[in-house]
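The values are calculated or read from the model by the stated rules, or taken from the named source; none is laboratory data. Everything numeric in this text was worked out from a predicted model, so none of it was measured. So basically every Cβ, Gly included, is an ideal-geometry build from the backbone, and we count neighbours across all protein chains shown.
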Amino acid sequence: MSRPDETRRVFVLDTNVLLHDPAALFRFDEHDIHLPMVVLEELDANKKGMSEPARNARQVSRFIDQLIHGADKQHIDHGIEIPGEHKLNGAGNRRPGRLFFQTRPNQSLLPDTLPGSRADNSILENCLMLQEAHPDARVTLVSKDINLRIKATILGVHAEDYFNDRTLEDADLLYSGTDALAPDFWDAHSKSMDSWKEEGRTFYRVAGARVPSWQVNEFIYLDDDSQFEAVVREVDGNTAVIELAQNYRGRNNVWGVTARNREQNFALNLLMSDNVDFVTILGPAGTGKTLLTLAAALAQTMDKGRFREIIMTRVTVPLGEDIGFLPGTEEEKMEPWMGALMDNLEVLTQSQDGGEWGRAATQDLLRSRIKIRSLNFMRGRTFLNRFIIIDEAQNLTPKQMKALITRAGPGTKMVCLGNVSQIDTPYLTETTSGLTYVVNRFRGWPHAGHVTLLRGERSRLADFASESL
């Protein structure tokens with residue numbers, strides 16, 4: 001057998017790839033795709049229901065039906081041409097990728113005693129058959145199932161994860177929303193700097209080599225005793241307009257909550273800004289994401305009257321075993337998932353006058369302006385003048401995130417909170433999460449902002465556990 005030609009590749013798709021991304025059929029450029037018959041059977045078994053995988057299974061079936069429409073048996077055996085942008089092959093001719101289906105039964109290439117799923121073993125046998133039939137190509141199994149990829153590698157089949165759904169190559173490269181300035185920033189820029197005041201706010205116009213790398217609504221700061229903190233308002237080439245950030249430490253609080261560190265102060269600037277419609281806040285447990293957001297939402301809803309009500313929602317993915325059926329209305333079913341709301345409301349009302357009865361009355365008043373909604377009933381809705389909080393957003397897919405954000409109507413502000421290191425949804429990672437997706441896609445938009453919280457402020461026990469466990 002000759003060495004496989006790296007320029008020609010044959011991809012075998014596992015079912016979970018198609019359930020994760022129905023458009024995966026069109027993501028492999030000029031390369032050929034093979035679908036084992038067991039994959040079509042599993043798509044059929046997963047098509048019922050209203051879940052995301054069920055909808056994706058139906059969409060894949062529609063794609064395949066459109067591709068094979070009007071094709072005869074000979075055409076299908078020769079491979080169905082996959083539409084899309086095709087690259088030039090080595091000969092300089094345009095070669096489209098083709099979709100092939102398993103048309104003959106698998107050979108007994110695996111031991112009958114090989115443990116594991118019968119469907120997985122059938123896919124592996126199909127890969128081994130393709131390796132024999134195409135010695136000049138590299139056969140690759142594409143699967144989101146890490147254990148199937150391990151089995152394939154053991155049996156001599158090259159296997160890869162599905163990479164096309166990645167919104168970022170490395171989670172460590174995720175935009176933080178902040179930029180530390182050099183210690184000599186003022187010395188280098190003070191001569192050509194303009195400054196002015198407008199409605200009590202201070203602005204600077206600066207120019208320099210580092211300016212083009214800044215993003216609108218990115219926070220810049222000097223890590224020294226000056227405590228200089230500013231937000232970028234405009235970027236034009238190597239010139240930018242920056243505004244001094246509001247200081248929410250000390251007496252200048254938000255609904256009784258003050259910023260305990262620099263990143264929290266940046267977050268409150270975004271949350272309280274009238275010009276920012278979409279905010280993403282990332283951070284480990286205990287950094288204050290929910291407390292800061294809820295305080296800003298109450299201040300703008302109860303005091304300023306900017307929003308009619310606050311809507312909180314999150315993905316109902318359990319940390320451990322599911323406790324089963326939950327009785328009651330939509331809001332009552334969602335309450336067990338909203339423990340963070342109850343905890344933070346208790347913090348926000350603990351300083352209220354009137355003793356326990358006064359605090360209870362205040363908490364009831366606040367809860368009357370906070371609605372808990374399920375993601376399952378969001379499609380088709382439009383929210384007007386609402387402050388929407390999406391908690392645990394790292395468990396949303398990019399498609400789900402798009403469906404939620406497009407619900408926002410005029411006067412609505414949306415805040416996504418999450419920690420990409422605590423993903424509970426199967427097949428989602430730090431680089432494919434919907435939260436990572438929107439952080440990158442909204443980067444630089446004048447009406448969106450992002451900040452990553454770094455320091456835990458919950459307790460010394462929680463801080464030590466986050467660092468040591």
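Values for this structure:
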| item | result |
| --- | --- |
| Selection from the stretch 395-424 of residues that are outside any strand (DSSP E or B), out of contact with any Leu (no Cβ under 8 Å at 6 or more places or on another chain) and not aliphatic (A, V, I, L, M) | Pro398, Lys399, Lys402, Thr406, Arg407, Ser421, Gln422 |
| Those residues of the stretch 421-452 which are in contact with a helix residue (DSSP H, G or I) (Cβ under 8 Å, 6 or more places away or on another chain) and crowded, with 24+ Cβ neighbours inside 10 Å, in sequence order | Thr432, Ser433, Gly434, Leu435, Thr436, Val438, Gly449, His450, Val451 |
| Filtered residues of the stretch 364-403 (kept if out of contact with any Gly (no Cβ under 7 Å at 6 or more places or on another chain), modelled with pLDDT of 90 or more and more than 24 Å from Gly286 (Cα to Cα)) | Arg386, Lys402 |
| Criterion: touching a strand residue (DSSP E or B) at 6+ places or on another chain (Cβ under 6 Å) and modelled with pLDDT of 90 or more - qualifying residue of Arg98, Arg62 | Arg98 |
| Residue within the stretch 376-394 that is part of a loop (DSSP other than H, G, I, E, B), within 18 Å of the chain's Cα centre (by Cα) and either surrounded by 22 or more Cβ atoms within 10 Å (Cβ to Cβ) or free of Cβ contacts under 8 Å to residues at least 60 places away in the same chain (or both) present | yes |
| Single condition Gly358 does not satisfy, out of (1) out of contact with any Leu (no Cβ under 9 Å at 6 or more places or on another chain); (2) modelled with pLDDT of 95 or more | (2) |
| Per-region count, the stretch 266-279, residues among the hydroxyl-bearing types (Ser, Thr, Tyr) and over 23 Å from Leu222 (Cα atoms) | 0 |
| Single residue of the stretch 284-308 satisfying the filter (touching a Gly at 6+ places or on another chain (Cβ under 9 Å) and on the phi > 0 side of the Ramachandran plot) that is modelled with the highest pLDDT | Gly288 |
| Positions within the stretch 430-469 being outside any helix (DSSP H, G or I) and without any contact (Cβ under 8 Å) to a residue 24 or more places away in the chain, in sequence order | Leu469 |
| Residues (among the β-branched types (Val, Ile, Thr) and in contact with an Asp or Glu (Cβ under 6 Å, 6 or more places away or on another chain)) located in the stretch 233-286 | Val241 |
| Qualifying residue in the stretch 279-302 (condition: part of a helix (DSSP H, G or I), basic (Lys, Arg) and within 24 Å of the chain's Cα centre (by Cα)) | yes |
| Flag if Leu365 is surrounded by fewer than 19 Cβ atoms within 10 Å (Cβ to Cβ) and in a helix (DSSP H, G or I) | yes |
